[in-house]
1. Find how many whole Å separate the alpha carbon centroid of the range 52-110 from the alpha carbon centroid of the range 1-43.
2. How much of the DSSP bridge set in the range 3-158 is antiparallel, in percent, rounded to the nearest 5?
3. So what's the net charge close to Ala265: Lys and Arg +1, Asp and Glu -1, counting the other residues with Cβ under 15 Å from its Cβ?
4. What FRET efficiency, computed as 1/(1 + (r/R0)^6) with R0 = 25 Å and r the Cβ-Cβ distance, is obtained for Gln277 and Asp60, rounded to the nearest 0.05?
5. Cut-off is 10 Å between beta-carbons; in what order do His56, His349 appear when sorted fewest neighbours first?
6. Using 7 Å Cα-to-Cβ label points, what is the Ser270/Asp90 separation (nm, one decimal)?
7. Using a/c under 1.5 as the rounded threshold, could you call the range 3-158 rounded, prolate or oblate? The axes a ≥ b ≥ c are square roots of the C-alpha gyration tensor eigenvalues, and prolate needs a/b larger than b/c, oblate otherwise.
8. Less than 12 Å Cβ to Cβ from Ser286, Lys/Arg counted +1 and Asp/Glu -1: what total charge do the surrounding residues give?
Amino acid sequence: MQALYDVPAPAKLNLFLHVVGKRPDGYHLLQSLFVLIDWADTLHFERRADARLQRHDRGDALPDDDLCLRAARALQQASGCTLGADIHIDKRLPSGAGMGGGSSDAASTLLALNRLWGLNWPRSRLQPLALKLGADVPFFVGGRNAWVEGIGEVLRPLDLPPMRLAVVKPSVSIGTKEIFSSPLLQRSNSVAIVAGFPAANKERDADNRLKDSAASSAVENSAGFLNNVTGRFGESSEAGEYLALENLAVRLSNGWGRNDLQPPAEAASSEVSQALQWLQTRYGNSRMTGSGSAVFARIFDSADRELEYNSTSQQEADIASDSERNLEATLAGLPPSWVGRVCRSLEVHPLRGWAED
């Protein structure tokens, strides 16, 4: 194999992000749900025999030693491979958005070069390299929508219903360090403990078994939640908020939770607040993703309710097409220097099959 062209590196959105603690080394502990979307960078890889690694930018210039080159170098050194690569990047994702663009590029680089160089490493062997590159990289290598904990390294795959989302990136970019060091950053009062997930330890496992019945009862008593995108779900206690796994996906996709990084981001830039209000006025349920500054809103309209994204007739296809055009026209009215797009969630990463589990 001499080359791999048109390799996608999709973005992610945080449907919620709670800060639940802080490690002694200063890293914050999080709980979040990462969902892949169809807004993506495109990369091209050509194999070299001289072990050199070179990056070629097809758009705006990236930093000299970006995550792609670091990912390629890490894989080359760890494997002892004597091959190199020319890496061409068509950067379509906005930078400084909290959408994981750089991390996704790095993950696609690991997966592509693993294939191009004939290493055929399993995913479990790529993941330690991914974690050293950045907290979001393991998620993209994993290739599944996931409940995320720790600093981003604890991943539990989760099936989600398909979603359409309006995503807007204002012109401002906010540094992650600035957000996490802000005095406005508040820790969530309780962690969410999901009944049904494999437990991280025996104590949690035992605790979950004791609380399964409480979680199930909470589900039965929460029939009105689906019509309330700002509501909370589950039973709360000092130990945490208990959620039932079989209902978690629907709750999360309909707006449960919040982004604890949003208040300091809004304080840092009024553009974030303006973008949130712009989406809130048109779609409701607006929220920031990651550490910002991109914001998003799930789109609920007649086409979604009637079609559930799957057209089975020409009439249904026409309805969906009209709806899509109307949404795109709405986003075309964004303020100058802002970018926006109607996105769809992805069930799995397009490169999911490029490494075995």
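Each value in this text was obtained by applying a stated rule to the coordinates, not by laboratory testing. If you're wondering where the values come from, they're calculated on a predicted model, not measured in any experiment. Cβ sites come from the backbone with ideal geometry, for glycine too, and all protein chains shown count toward neighbours.
1. The two parts, judged by their Cα centres, are 15 Å apart.
2. Close to 85 percent.
3. On the way: positive: Lys169, Lys177, Arg258, Arg287; negative: Glu178, Asp260, Glu266, Glu271.
Value of the local net charge: 0.
4. 0.30
5. His56, His349
6. About 3.9 nm, to one decimal.
7. Prolate shape, in that a/c is at least 1.5 and a/b is the bigger ratio.
8. Numbers: positive: Arg258, Arg282, Arg287, Arg298; negative: Glu266.
The answer is +3.
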